[in-house]
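Below is one structure, written out as structure tokens; comments come after it.
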Amino acid sequence: MAGGLLLAAVPAQAATVADQATISVRGAITCDEGKMHKQIADLRDKAFDLDRQGKKAAAKRARAKADALAKKLKQCQDADENNPGPIG
């Protein structure tokens, strides 16, 4: 029984290491500024329409999504401005 538990624990540890490798590969973030600006505008329009319909909670969620996307866009723009470029 103890041997079975040991064998079950090894794949779980191996999966954790594999997941960490996958996360580090995904570290590069690319931003399509035009697409992000459009998404932000669409979400803000949606929030405005939902407000007019009296759906305040849904409007608040749409505005929160737009704000989060705007924050991500700002981070992308800041990263581009502060990037020293290629080495060499």
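Structure notes:
- Residues satisfying the stated conditions in region 49-66, i.e. closer than 19 Å to G34 by Cβ and either out of contact with any helix residue (DSSP H, G or I) (no Cβ under 7 Å at 6 or more places or on another chain) or open to solvent by 90 Å² or more (accessible area, probe 1.4 Å) (or both): K65
- Within region 67-88, the residues that satisfy the criterion of being open to solvent by 100 Å² or more (accessible area, probe 1.4 Å) and assigned to a loop (DSSP other than H, G, I, E, B) are P84, P86, I87, G88.
- Taking each residue of region 58-85 that is within 10 Å of R44 (Cα to Cα) and looking for partners that are hydrophobic (A, V, I, L, M, F, W, C) and not in a helix (DSSP H, G or I) with beta-carbon atoms closer than 7 Å, six or more apart or interchain, yields nothing.
The values are calculated or read from the model by the stated rules, or taken from the named source; none is laboratory data. As the structure is a computational prediction, the values presented were derived from the model and not from experiment. Every residue, glycine among them, receives a Cβ derived from its backbone with ideal geometry; neighbour counts consider all protein chains shown. Ligands, DNA and RNA are stripped out before the accessible areas are found, and what is left, the full protein with its side chains, is counted by its heavy atoms. Shrake-Rupley method; radii C 1.70, N 1.55, O 1.52, S 1.80 Å.
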